[in-house]
Amino acid sequence: MTLRFFGSVELDDAVGALRRVAAAPTEAVLGPETGRFGRRVLHVPVAGLDAVAKAVVRATKRVGKPPEPRPFRGHLTVARARDRRGVDLRDLVGTPIAARWPVQEVWLVESRLNPKGAQYEVVETISLREARTMG
């Protein structure tokens, strides 16, 4: 799940900001069924990540492209139709699917575009932790 898109950034800046994320580990909940965003994107909702996404945005708001002004909508993209004509994902909408998994870290992922498609690499892993109080 993408919690925040940075665009083109200096990796050291993004890593430094992500190290300031203060959010408790949580559980992600996939489902209960597939849905669509518009006509061309099939997705499955993912709940349980709102607090983590909010903490990531808060810690990284000065890094890269400004954060999206819309609320976070956790989801897993299952299919993206490229051809606007003749592609109908409606038959796939409503397919039951469910899963749960623990979320204990966030990853900084770098994507590199090339003619064969995007390549993704995890460049940093940040463990989630509750905000610490200064005493």
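Here, each number is a calculation from the coordinates, and none is a lab measurement. Since the model is a prediction, treat every value here as computed from it, not as a measurement. Virtual Cβ from ideal backbone geometry, glycine too; neighbours counted across all protein chains shown.
Things to note:
- Options K61, K54; residue that is among the charged types (D, E, K, R) and either under 22 Å from S111 (Cα atoms) or touching a residue at least 40 places away in the same chain (Cβ under 8 Å) (or both): K61
- Candidate set: region 6-18, residues that are assigned to a loop (DSSP other than H, G, I, E, B) and not small (G, A, S); chosen: the one nearest to F72 (Cα to Cα): F6
- Residue count for region 89-105, restricted to those that are in contact (Cβ under 8 Å) with a residue 12 or more places away in the chain, farther than 26 Å from I126 by Cα and out of contact with any Gly (no Cβ under 9 Å at 6 or more places or on another chain): 4
Listed here are the residues, each with its yes/no results for (1) at positive phi; (2) in contact with a Phe, Trp or Tyr (Cβ under 7 Å, 6 or more places away or on another chain); (3) of a type outside the set (A, V, I, L, M, F, W, C).
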site	(1), (2), (3)
S8	no, no, yes
A14	no, yes, no
T34	no, no, yes
L42	no, no, no
A51	no, no, no
A79	no, no, no
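- L3 being touching a strand residue (DSSP E or B) at 6+ places or on another chain (Cβ under 9 Å), outside any strand (DSSP E or B) and surrounded by 13 or more Cβ atoms within 10 Å (Cβ to Cβ): yes
- Scanning region 17-41 for residues that are under 19 Å from T95 (Cα atoms) and of a type in the set (S, T, Y) yields a single hit, T34.
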